[in-house]
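K.L.:
This is the structure I have questions about; it appears just below.
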Amino acid sequence: MVKGSYLKLPPGELAKRAKKAVAMLGDCTVCAQECRVNRLEGELGICRGGRLAAVNSYGPHFGEEDVLVGTGGSGTIFFTYCNLSCEFCQNCEISQLGEGDEVPAGELAGMMLDLQKRGCHNINLVSPSHFVPQFLEALNVAAEKGLTLPVVYNTGGYDAPETLDLLDGIVDIYMPDIKFADDDAGRKYSGAVEYFTVAKKAVKKMHGQVDDLAVDGRGIAYRGLLVRHLVLPDNLARSEKVFEFLADEVSKDTFINIMDQYYPAFNAVNYPELDRRITRKEFREAVDAARRAGLRRIYTGFNKIF
């Protein structure tokens with residue numbers, strides 16, 4: 001079984017990274033929102049996360065990509081809140097309405113260890129961008145107590161370069177969701193200034209750390225980049241631009257999951273252009289655009305196209 005990269009760090013390095021990340025909370029630049037509030041003293045920014053991590057739930061998840069699930073499931077930890085404010089969020093109860101509870105580092109570490117005990121193949125951090133310092137604190141504790149599983153960083157793509165640098169050699173699988181190839185759409189629908197500009201830099205840095213997705217003999221991913229992209233009505237996400245960026249600036253062997261499960265959740269009803277499901281034609285057009293861009297590892301939830 002492949003072990004997490006963090007076990008290869010020099011003694012004390014994980015604790016050092018955690019300390020540096022926690023210090024960032026005092027003038028918070030942990031994510032790309034750069035709110036610069038003092039989370040150590042209880043000030044809250046856009047994400048509404050404080051000094052402690054907040055978690056909605058955790059457990060083996062069998063609804064992720066096959067390369068993450070295997071036979072034991074992906075060990076998901078669903079963090080409460082988000083550094084994005086997506087008007088169509090399908091997990092809005094968690095990300096926007098704040099369902100969940102604050103947990104100290106020891107308790108978060110215990111969740112990771114429990115997921116390993118239950119046979120999961122990885123630790124899958126869902127929406128972790130605003131809680132990276134707290135995760136690093138907990139990982140340091142968990143590693144000392146025997147955690148060995150690879151770490152999956154399951155993000156909305158709006159990540160700060162300095163924070164990603166702290167995760168270098170710690171995260172094994174980066175799984176960003178590139179939501180839009182249009183900065184104006186990112187601001188309007190997700191409350192993120194220069195969303196695509198930021199996401200492109202972040203994804204390139206992620207790929208530079210872990211390279212293309214690699215799988216073991218069981219077909220389970222243990223390292224690399226896996227990108228998700230949700231197709232929106234009327235191509236509001238400019239999907240073809242996402243695929244062209246990945247093929248031309250990252251790698252034509254980028255593993256891309258093109259998702260068709262959009263439905264008008266949360267506040268989407270307030271936007272006529274978002275207030276419907278996508279059509280099969282729109283989805284096929286997105287997949288065709290990925291092929292034209294030259295991407296070679298396209299996953300559509302029900303099959304793979306190479």
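K.L.:
Of the conditions (1) under 28 Å from Lys201 (Cβ atoms); (2) surrounded by fewer than 23 Cβ atoms within 10 Å (Cβ to Cβ); (3) over 18 Å from the mean Cα position of the chain (by Cα), Arg39 clears all except one; give me its number.
P.N.:
Condition (2) is where Arg39 drops out.
K.L.:
Suppose the filter is surrounded by 23 or more Cβ atoms within 10 Å (Cβ to Cβ), at pLDDT 95 or above and within 14 Å of the chain's Cα centre (by Cα); does Asp172 pass it? Let's see the steps before the verdict.
P.N.:
Values: surrounded by 23 or more Cβ atoms within 10 Å (Cβ to Cβ): yes; at pLDDT 95 or above: yes; within 14 Å of the chain's Cα centre (by Cα): yes.
Yes: the conditions hold for Asp172.
K.L.:
Hey, can you tell me all the residues within the range 140-190 that are closer than 15 Å to Gln116 by Cα and free of Cβ contacts under 8 Å to residues at least 40 places away in the same chain?
P.N.:
Within the range 140-190, the subset closer than 15 Å to Gln116 by Cα is 141-152.
Answer for the range 140-190, where residues must be closer than 15 Å to Gln116 by Cα and free of Cβ contacts under 8 Å to residues at least 40 places away in the same chain: Val141, Ala142, Glu144, Lys145, Gly146.
K.L.:
Tell me, please, whether a residue that is of a type in the set (Phe, Trp, Tyr) and in contact with a strand residue (DSSP E or B) (Cβ under 8 Å, 6 or more places away or on another chain) can be found in the range 79-96. Full working, then the answer.
P.N.:
Pass one, the range 79-96, residues of a type in the set (Phe, Trp, Tyr): 79, 81, 88.
Within this subset, residues satisfying the condition of being in contact with a strand residue (DSSP E or B) (Cβ under 8 Å, 6 or more places away or on another chain) are 79, 81.
Yes: the range 79-96 contains one or more residues that are of a type in the set (Phe, Trp, Tyr) and in contact with a strand residue (DSSP E or B) (Cβ under 8 Å, 6 or more places away or on another chain).
K.L.:
Same structure, new question: Being touching a helix residue (DSSP H, G or I) at 6+ places or on another chain (Cβ under 7 Å), closer than 19 Å to Val198 by Cβ and not in a loop (DSSP other than H, G, I, E, B), is that true of even one residue in the range 136-152?
P.N.:
Checked against the condition, which is being touching a helix residue (DSSP H, G or I) at 6+ places or on another chain (Cβ under 7 Å), closer than 19 Å to Val198 by Cβ and not in a loop (DSSP other than H, G, I, E, B), the range 136-152 yields no hits at all.
K.L.:
Could you check, for the range 278-293, whether at least one of its residues is closer than 16 Å to Glu240 by Cβ, of a type in the set (Gly, Ala, Ser) and within 23 Å of the chain's Cα centre (by Cα)?
P.N.:
If we filter the range 278-293 for residues that are closer than 16 Å to Glu240 by Cβ, which is where we start, we get 278, 281-293.
Narrowing the set further to residues that are of a type in the set (Gly, Ala, Ser) leaves 286, 289-290, 293.
Imposing the further condition that a residue be within 23 Å of the chain's Cα centre (by Cα) reduces the set to 286, 290.
Within the range 278-293, one or more residues are closer than 16 Å to Glu240 by Cβ, of a type in the set (Gly, Ala, Ser) and within 23 Å of the chain's Cα centre (by Cα).
K.L.:
Now for a different question. With the checklist (1) within 14 Å of the chain's Cα centre (by Cα); (2) of a type in the set (A, V, I, L, M); (3) farther than 18 Å from Glu87 by Cβ in hand, flag the one item Ile178 doesn't pass.
P.N.:
Looking at each condition in turn, Ile178 falls short on (3).
K.L.:
Let me ask something additional. Which one of these is touching a strand residue (DSSP E or B) at 6+ places or on another chain (Cβ under 8 Å) and not β-branched (Val, Ile, Thr): Gly110, Gly100, Gly106?
P.N.:
Working: Gly110 fails: touching a strand residue (DSSP E or B) at 6+ places or on another chain (Cβ under 8 Å); Gly106 fails: touching a strand residue (DSSP E or B) at 6+ places or on another chain (Cβ under 8 Å).
Checking each option against the conditions leaves just Gly100.
K.L.:
So which residues in the range 106-122 are out of contact with any Ser or Thr (no Cβ under 8 Å at 6 or more places or on another chain) and either under 14 Å from Gly49 (Cβ atoms) or in contact (Cβ under 8 Å) with a residue 60 or more places away in the chain (or both), if there are any at all?
P.N.:
Passing the criteria: only Leu108.
K.L.:
Tell me, which residue of the range 184-217 that is part of a helix (DSSP H, G or I), charged (D, E, K, R) and closer than 19 Å to Cys82 by Cβ is farthest from the chain's Cα centre (by Cα)? If you could, list the steps in order and put the result at the bottom.
P.N.:
First, pick out the residues of the range 184-217 that are part of a helix (DSSP H, G or I): 184-190, 195-210.
Subsequent filtering for residues that are charged (D, E, K, R) retains 184, 187-188, 200-201, 204-205.
Now drop any that are not closer than 19 Å to Cys82 by Cβ, which leaves 187-188.
Numbers: Arg187: 19, Lys188: 21 Å.
The selected residue is Lys188.
K.L.:
Another question, if that's okay. Cβ-Cβ below 6 Å, separation at least six or inter-chain, first residue in the range 252-263 and without any contact (Cβ under 8 Å) to a residue 24 or more places away in the chain and closer than 22 Å to Arg223 by Cβ, second outside any loop (DSSP other than H, G, I, E, B) and not small (Gly, Ala, Ser): which pairs?
P.N.:
none
The values are calculated or read from the model by the stated rules, or taken from the named source; none is laboratory data. These numbers were taken from a predicted model, which means no experiment stands behind them. Note that we place each Cβ from the backbone using ideal geometry, even for glycine, and neighbour counts take in every protein chain shown.
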